Amino acid sequence: MRVIRAIVVVILVALAIAAGYVYWWTSQALPLSKASVQFSVPAGSSAQAVAERMSKAGVQTNSWLLYAWFRLSGGARQIKAGVYEVEAGDTPRRVLER
């Protein structure tokens, strides 16, 4: 019984740490290669394709982190076609809100 309790505690601590990291990361400004970065989203693009386009355009973070944020936040299905701009100081949350 102690082993099961210890495993549950370890899992809960790991989940709390992961949640804290996600909250921290989504509150930080995205690093950009220049003052502002523009990218286009063609109609029918997947969230993964959008994350890759952002990284290629100059958002200097791993595209899989952006993709994971899009999916975890529930915003992946709400991404629309268009031209977008990420400015200095924009956070992952703010980018997804646009």
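The amide H of residue 79, built 1.01 Å from its N in the peptide plane, has no neighbour under 5 Å, considering only residues 5 or more places off or on other chains.
Helix 2-27 and the longest principal axis of the Cα set of the chain meet at an angle near 20°. In order along segment 78-94, phi translates into HN-Hα couplings of 9, 6, 10, 5, x, 10, 10, 10, 10, 9, 4, x, 5, 9, x, 4, 5 Hz, rounded to whole numbers, per the Karplus curve 6.51 cos²θ - 1.76 cosθ + 1.60 with θ = phi - 60° and x for Gly and Pro. Only helical runs count toward this figure. For the chain, summing -39,500 (n - 2.57) over DSSP H runs of n ≥ 4 and dividing by all residues gives -17500 deg cm²/dmol at 222 nm.
In the chain, the longest principal axis of the Cα atoms and the axis of helix 63-73 are about 70 degrees apart. Taking amide H as placed 1.01 Å from N in the peptide plane, residue 90 has its amide H under 5 Å from the amide H of 30, each at least 5 places away in sequence or on another chain. The share of alpha-carbon pairs in the chain lying farther apart than 24 Å comes to 29%. Coupling constants for segment 50-59 follow from the phi torsions by the Karplus curve (6.51 cos²θ - 1.76 cosθ + 1.60, θ = phi - 60°), and in residue order they are 5, 4, 5, 4, 4, 5, 5, 6, x, 7 Hz; glycine and proline get x.
Result for the chain in a Gaussian network model with C-alpha springs under 10 Å: among 16, 88, 29, the largest mean-square fluctuation is at 16. Note: relative contact order over the chain, using C-alpha pairs below 8 Å and six or more positions apart, is 37 percent.
The numbers here are math on the coordinates, done by the rules we state, and not lab data. Keep in mind that this is a model prediction, so the values were computed, not measured.
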